[in-house]
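A.B. asks: Below is a structure I'd like to ask you about.
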Amino acid sequence: MEQIFLGFQDPIFLHLDVPCLCLYADLCKQPEAFLELPEQYGLHWNTAHHPELTGLDQDSAGPFLQGWLFFGLLAKISALFGVGFQPRDFVSSSPNGVTLVSGAGLRKYAWLWCAANSTLHADGTEQRMVRVRAYLDILHKVTNAWIGYDGVIVKRPLERIILSLVLLGEVLTFALPQLLRDNDIIFPGYYTWSLPVSLRRDLRQAGWCRGELPSLQERFAPPRLVYLSSVNRQRQDKDHSRCTDDACVANQLEEERYVVRHAPNCETKEADFVHAPVEAMCYILKASGIPMVRVVAGSSSGIPTIEITAFVLGHEQRMPAYVAISHVWSDGMGNPTHNALPACHLLRIQRHVDGLNTCDPAGSGPG
Ligand SMILES: [Zn+2]
Ligand SMILES: [Zn+2]
């Protein structure tokens, strides 16, 4: 259980500022009335699910969704376990005095729910979890409806609130079964969340290519996508002009345009290519060995040479420390016409390898 929450200041909104816009204190006075809560906003239960049918504009929708599906939901789940809910536990202030929604209180409530569940009658656990799932179903359905809203959401507070609901749903879906030791009722990955336009935009602004977004969404749940949107991924040396929504081709090479680069600090830019000992390497490979190379600097004015040794897996020979380097071609360290690189670049790579603190392969594997 510890790995769920420990190590984070705020397990939900670590990388996301979510404005607190609802009158949370009033909303939570009757936590059992979760399903009737839309009525406090003049909405009928049947219409509260759908963005269009609510008739709310974007300024009003944010407080409604936050009051109902963030504070109202947490109050309702707490009530289900007989735990008193203080909405203030989920509110904080930003350095410039703006009231924000905080997820830090979830750590405390998760333990309270867990403790309460252990004292409640075991027969009721399944029933409680079925109800929790029903509430999460509502959160999921309404939030996804707003993400897919046909009208363009232009209000930043509403964008943040919708994203906060996605994160709350994802964290609860992940945490509750583990806390309550009931993986059959809700399980991670149960809900599929649409990718909010605002998160797409944040990822793009952070430097992710549009061709990378489908793969990111496929591989990572929303909390990780929010984290990735906080990472500066701007790379001036990458050309994304040929990329599409389907694929990023910045690292795909065009041989006719490929340029073999010198090391960044190379002043001479001389064509002093050092060729790999291809025949010797092939000989080792054919004998089921692994060729291991080392760049050795030449004399003061000489060109470096490449030393090569063979290692054969399974032999009693002691495994030497080595470093495997992959994906070098996209950074100008490949050569489409020869197995050769400028001397400056080979020496630079060897310098970096020598600077690594390679561990003893006999003890814990190669460095
Ligand atoms: Zn790209
Ligand atoms: Zn050079």
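A.B. asks: Considering only residues of segment 281-303 that are farther than 19 Å from Ile325 by Cβ and among the hydrophobic types (A, V, I, L, M, F, W, C), which is nearest to ligand 1 (Cβ to nearest atom)?
C.D. replies: Of everything passing the filter in segment 281-303, Cys282 is nearest to ligand 1 (Cβ to nearest atom).
A.B. asks: Something else about it: Within segment 306-335, how many residues are of a type in the set (S, T, N, Q) and surrounded by 15 or more Cβ atoms within 10 Å (Cβ to Cβ)?
C.D. replies: Total meeting the criteria: 1.
A.B. asks: Let me ask something additional. Can you name the number of the only condition in (1) over 28 Å from Pro38 (Cβ atoms); (2) modelled with pLDDT of 85 or more; (3) surrounded by fewer than 16 Cβ atoms within 10 Å (Cβ to Cβ) that Gly84 fails?
C.D. replies: For Gly84, the failing item is (1).
A.B. asks: Please work out which one of (1) out of contact with any Gly (no Cβ under 6 Å at 6 or more places or on another chain); (2) away from ligand 1 (no atom under 13 Å from the Cβ) is the condition Leu203 fails and give its number.
C.D. replies: (2)
A.B. asks: Within segment 221-233, restricting attention to residues that are at pLDDT 90 or above and in a loop (DSSP other than H, G, I, E, B), which residue is farthest from Leu16 (Cα to Cα)?
C.D. replies: Arg233
A.B. asks: Only one of (1) touching a strand residue (DSSP E or B) at 6+ places or on another chain (Cβ under 8 Å); (2) within 16 Å of ligand 1 (Cβ to nearest atom) is not met by Ala271, so which one is it?
C.D. replies: Unmet for Ala271, out of (1) touching a strand residue (DSSP E or B) at 6+ places or on another chain (Cβ under 8 Å); (2) within 16 Å of ligand 1 (Cβ to nearest atom): (2).
A.B. asks: Looking only at segment 276-290, filter to residues that are under 16 Å from Ala340 (Cβ atoms) and outside any helix (DSSP H, G or I); which one of those is nearest to ligand 2 (Cβ to nearest atom)?
C.D. replies: Ranking the candidates gives Ala276 first.
A.B. asks: Okay, moving on. Val323 versus (1) of a type in the set (Val, Ile, Thr); (2) within 16 Å of ligand 2 (Cβ to nearest atom); (3) touching a Ser or Thr at 6+ places or on another chain (Cβ under 8 Å): which is the lone unmet condition?
C.D. replies: Evaluating Val323 over (1) of a type in the set (Val, Ile, Thr); (2) within 16 Å of ligand 2 (Cβ to nearest atom); (3) touching a Ser or Thr at 6+ places or on another chain (Cβ under 8 Å) leaves (2) as the failure.
Matching residues to (1) under 25 Å from Ala116 (Cβ atoms); (2) in a loop (DSSP other than H, G, I, E, B); (3) at pLDDT 90 or above:
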position	(1), (2), (3)
His15	no, yes, no
Leu21	no, yes, yes
Lys29	yes, yes, no
Leu35	yes, no, no
Glu39	no, no, no
Ala61	no, no, yes
Gly72	yes, no, yes
Lys76	yes, no, yes
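A.B. asks: Taking the residues in segment 259-275 that are of a type in the set (A, V, I, L, M, F, W, C) and in contact with a Cys (Cβ under 9 Å, 6 or more places away or on another chain) as candidates, determine which candidate is farthest from ligand 2 (Cβ to nearest atom). Step through it out loud before you land on a result.
C.D. replies: Step one: filter segment 259-275 for residues of a type in the set (A, V, I, L, M, F, W, C), giving 259-260, 263, 266, 271, 273-274.
Going one step further and asking which of them are in contact with a Cys (Cβ under 9 Å, 6 or more places away or on another chain), we end up with 263, 266.
Values: Ala263: 6, Cys266: 3 Å.
Step by step, filter segment 259-275, then rank; the result is Ala263.
A.B. asks: Return yes or no: is Leu228 more than 16 Å from ligand 2 (Cβ to nearest atom) and more than 23 Å from Trp146 (Cα to Cα)?
C.D. replies: In short, no.
A.B. asks: Here is a follow-up. Any residue that is free of Cβ contacts under 8 Å to residues at least 60 places away in the same chain, assigned to a helix (DSSP H, G or I) and either surrounded by fewer than 18 Cβ atoms within 10 Å (Cβ to Cβ) or in contact with a helix residue (DSSP H, G or I) (Cβ under 7 Å, 6 or more places away or on another chain) (or both) - is there at least one of those in segment 89-98?
C.D. replies: Yes.
A.B. asks: Look through Ala276, Ala287 and report the one residue that is farther than 30 Å from Leu16 by Cα, surrounded by 17 or more Cβ atoms within 10 Å (Cβ to Cβ) and at pLDDT 85 or above. It would help to see each step written out before you state the result.
C.D. replies: Details: Ala287 fails: surrounded by 17 or more Cβ atoms within 10 Å (Cβ to Cβ).
Only one candidate qualifies: Ala276.
A.B. asks: Another question, then. Checking Glu256 against (1) within 16 Å of ligand 2 (Cβ to nearest atom); (2) among the acidic types (Asp, Glu); (3) outside any loop (DSSP other than H, G, I, E, B): exactly one of these is not met. Which one?
C.D. replies: For Glu256, the exception is condition (1).
A.B. asks: Additional query: Filter segment 99-122 down to the residues that are in contact (Cβ under 8 Å) with a residue 60 or more places away in the chain and of a type in the set (S, T, N, Q), then identify the one that is farthest from Leu136 (Cα to Cα).
C.D. replies: Thr99
A.B. asks: Next question. Of the residues that sit in segment 234-243 and are surrounded by 11 or more Cβ atoms within 10 Å (Cβ to Cβ) and either part of a helix (DSSP H, G or I) or touching a residue at least 12 places away in the same chain (Cβ under 8 Å) (or both), which one is farthest from ligand 2 (Cβ to nearest atom)?
C.D. replies: That would be Cys243.
The values are calculated or read from the model by the stated rules, or taken from the named source; none is laboratory data. What you see is a predicted model, and the numbers here were worked out from it, not measured in a lab. Reconstructed Cβ throughout: ideal geometry from the backbone, glycine too, with neighbour counts over all protein chains shown.
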